[in-house]
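Student: Mind having a look at this structure? Questions to follow.
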Amino acid sequence: MRGIARDTLRFILEASRSSLPVEFAGLLQVDKEIITEVLILPGTESSRMSALVRLYMLPNMQVAGSAHSHPSGDLRPSEPDLIFFSRTGDFNIIVGPPFDEQSFACYDSAGRRRDLAILDVEFKDDGFDDDFEDEFDEFKEDRP
């Protein structure tokens, strides 16, 4: 694993900040040895003390690990976190206030701290046209 895309880490940090006072949780996907995506599974439940990710809702795909927040700011994994890490992969990120690029920690599936580089990655075009609304307008009926 080379690291995590800066924009992906920023998404995790902002989603976590926006979720306050409850925890945020998602699963991580890799493209070409770089963590580039966060999957948020249906049925995920969050509270001030925990987030419950329903792994049975994961489509038939592999994940590299998880990302979740600790609103308390304590970036150490709890016992439930360690159980969750053992089921999700080898790159498990915990973020906390102040939700900047220095306020995260990464752990392997056994809960051992590991380094994770932040990489500047250019994402390829996803094929969606940014002018979709303009193109859609031509199909709208003129109505008074």
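Student: Using every Cα-Cα pair within the range 57-109, state what percent have a distance larger than 12 Å.
Tutor: That tail contains 62 percent of the Cα-Cα pairs.
Student: Further question on the same structure: For Ile94, what is the net charge nearby, where nearby means another residue's Cβ is under 15 Å from its Cβ and Lys, Arg count +1, Asp, Glu -1?
Tutor: Here the count lands on -4.
Student: Hey, another quick one. Go ahead and run the numbers for FRET between Leu20 and Glu122, Cβ-Cβ distance against an R0 of 22 Å, rounding to 0.05.
Tutor: 0.10
Student: To continue, here is another question. In nm, give the distance between the simple-model label positions of Asp74 and Arg6, each being 7 Å from the Cα along the Cα-to-Cβ direction.
Tutor: 3.3
Student: What full-extension length gain, to one decimal in nm, is calculated for Ala110 and Asp90 as 0.36 nm per residue of separation minus the Cα-Cα distance?
Tutor: Length gained, Ala110 through Asp90: 6.4 nm.
Bear in mind that the values in this text are calculations on the coordinates, not laboratory data. The structure displayed is predicted, hence computed values, not measured ones. Cβ sites come from the backbone with ideal geometry, for glycine too, and all protein chains shown count toward neighbours.
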